[in-house]
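So the structure is just underneath, and the comments pick up after that.
The values are calculated or read from the model by the stated rules, or taken from the named source; none is laboratory data. Computed from a predicted model, the values in this text were never measured in an experiment. When we count neighbours, we look across all protein chains shown, and the Cβ atoms used for this are built from the backbone with ideal geometry, even at glycine. Calculation scope for accessible area: heavy atoms of the full protein, side chains included, ligands and nucleic acids excluded. Shrake-Rupley method; radii C 1.70, N 1.55, O 1.52, S 1.80 Å.
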Amino acid sequence: MAELIDHQRFIALLTERFPEVAASIDDCSQGLLHLEMATLACATQAAIDGEDKATVLQHFQFIDEVFRDAGPDVENAVNVSYLENLRFEGCKAAPTKARELLTPRLQQALAELHEYLARIFGRPAKPAEPD
């Protein structure tokens, strides 16, 4: 089994793989895992909105790798500050079909997140988009 990815390791991996995203983490967000994860989510959303499928795929692959070996804090940040922040619908997001680009692991995590939110907010779970 691989070593669990904690906050410090996540930042090291992010810096190694996407130095431009790591450099865009502002002073107020540095050291705060959820805000750092949200910075990556913003970069992914910009790629979705810009119809940059290659970057979207790279980000999703990276997050999939992180999520696979994530410690509890990083797993929570992926769910709450990454997946929950992405917009998969709308006029800018639709052409990219980003939801279809999610890895199976991330598709499952997103489905579980929607089910959880539906339970706590008492509304039906958002259905998966058709193939």
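Here are the numbers:
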read-out: Sum of side-chain charges, Leu33 neighbourhood, beta-carbon under 13 Å (Lys, Arg +1; Asp, Glu -1); value: -3
read-out: Amide H within-cut-off set for Ala70, under 5 Å, with H built and near neighbours excluded; value: Ile5
read-out: The chain - percent relative contact order, Cα under 8 Å, separation 6 or more; value: 26
read-out: J(HN,Hα) series, the range 3-9, from Karplus relation 6.51 cos²θ - 1.76 cosθ + 1.60, nearest Hz, glycine and proline x; value: 5, 4, 8, 9, 3, 4, 5
read-out: Rounded percent of accessible protein surface that carbon and sulfur make up, the chain, 1.4 Å probe; value: 54
read-out: Pair Gln30, Lys97: separation of 7 Å Cα→Cβ label points (nm); value: 4.2
read-out: Theoretical ellipticity at 222 nm over the chain - DSSP helices of four or more residues, -39500 (n - 2.57) apiece, nearest 500; value: -18000 deg cm²/dmol
read-out: Point-charge dipole on Cβ atoms (K/R +1, D/E -1) for the chain, about Cα centre, debye to 20; value: 420
read-out: Listed residue (Leu86, Thr15, Gly31) projecting farthest to the positive dipole end of the chain, Cβ model; value: Leu86
read-out: Distance from the range 12-43 to the range 75-111 (C-alpha centre basis), Å; value: 18
read-out: Whole-number accessible area per residue in Å² for the range 1-91, which is evaluated in the context of all protein chains at 1.4 Å; value: 52
